[in-house]
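Structure record follows, encoded as structure tokens.
The values are calculated or read from the model by the stated rules, or taken from the named source; none is laboratory data. In this text, all values refer to a predicted model and were calculated from it rather than measured experimentally. Positions of Cβ are backbone-derived with ideal geometry, glycine not excepted, and every protein chain shown enters the neighbour counts. Each accessible area value is taken on the protein alone, full model and side chains, heavy atoms only, with ligands, DNA and RNA left out. Shrake-Rupley method; radii C 1.70, N 1.55, O 1.52, S 1.80 Å.
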Amino acid sequence: MVRERNVYRFDYYALLFFLASFAGWLWEVALHVFTEHRFVNRGIYEGPYLPIYGVGGLLLCLLFRSLQKKPVKVFFYSALVCGVLEYVSGMFLEYKWGLRWWDYSGHFLNIHGRVCLLGTVAFGAGGTLLVCLVLPWYEKIYGNIPEKWRNLLWVALTLLFIADGAWCAMHPNTGSGIAY
């Protein structure tokens, strides 16, 4: 069962975090392949995930799930929430490691190179896609996976993520095409 009295289980959110983190990684890698014509593992982690997308996905799910039938509202709210998340994350990463993992300085309507209009519109579209289309699909699939397999999956992914995070805290991924 997915819900117990309108409260979702922890594994629901853990698996959604990894799904959104992986989707974000795919998006960033595909964007880089398209624009730079080469594969680059985007982000500070070694694994195929970008936690900022996972956090954003969870926030959007928690905040806007009730608006699934109102995609225009979801679009604008998602753009706002994701824009703020991207800006704050960019500030933190620059403070922590003294590097920029993204720079929109040359883009129209950017704020300190950390966010720009095009990126914010893309996040609005992605948030609308997540909340209005992916979440209903995810909930159906989630409900069809036996609980023991869901638990095994989120525990295994979490252990890999923690190990990767520990490694990358000392050796962040800063190679060519990663940091500016």
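Remarks
- Comparison of A156, A122 shows that the only residue that is open to solvent by 40 Å² or more (accessible area, probe 1.4 Å), more than 30 Å from S66 (Cβ to Cβ) and out of contact with any Leu (no Cβ under 8 Å at 6 or more places or on another chain) is A156.
- Of the residues G126, G83, the single one that is touching a strand residue (DSSP E or B) at 6+ places or on another chain (Cβ under 6 Å) and touching a residue at least 40 places away in the same chain (Cβ under 8 Å) is G83.
- Lone qualifier among N144, N110 - being without any contact (Cβ under 8 Å) to a residue 60 or more places away in the chain and open to solvent by 70 Å² or more (accessible area, probe 1.4 Å): N144
- R42 without any contact (Cβ under 8 Å) to a residue 24 or more places away in the chain, touching an Asp or Glu at 6+ places or on another chain (Cβ under 9 Å) and either more than 19 Å from V155 (Cα to Cα) or not acidic (D, E) (or both): no
- When the range 20-44 is filtered for residues that are crowded, with 20+ Cβ neighbours inside 10 Å and part of a helix (DSSP H, G or I), the ones remaining, listed by number, are A20, S21, G24, W25.
- G165 being small (G, A, S) and either within 19 Å of L50 (Cα to Cα) or open to solvent by less than 30 Å² (accessible area, probe 1.4 Å) (or both): yes
- Qualifying residues in the range 45-98 (those that are outside any helix (DSSP H, G or I) and open to solvent by 80 Å² or more (accessible area, probe 1.4 Å)) - the one modelled with the lowest pLDDT: E46
- Any chance L15 is in a helix (DSSP H, G or I) and surrounded by 15 or more Cβ atoms within 10 Å (Cβ to Cβ): yes
- Residue within the range 24-35 that is over 22 Å from T174 (Cα atoms) and not aromatic (F, W, Y) present: no
- Checking Y49 against (1) over 12 Å from the mean Cα position of the chain (by Cα); (2) within 29 Å of W154 (Cβ to Cβ); (3) in contact (Cβ under 8 Å) with a residue 60 or more places away in the chain, the condition it does not meet: (1)
- Qualifying residue in the range 89-97 (condition: in contact with a Cys (Cβ under 6 Å, 6 or more places away or on another chain) and under 25 Å from A14 (Cα atoms)): no
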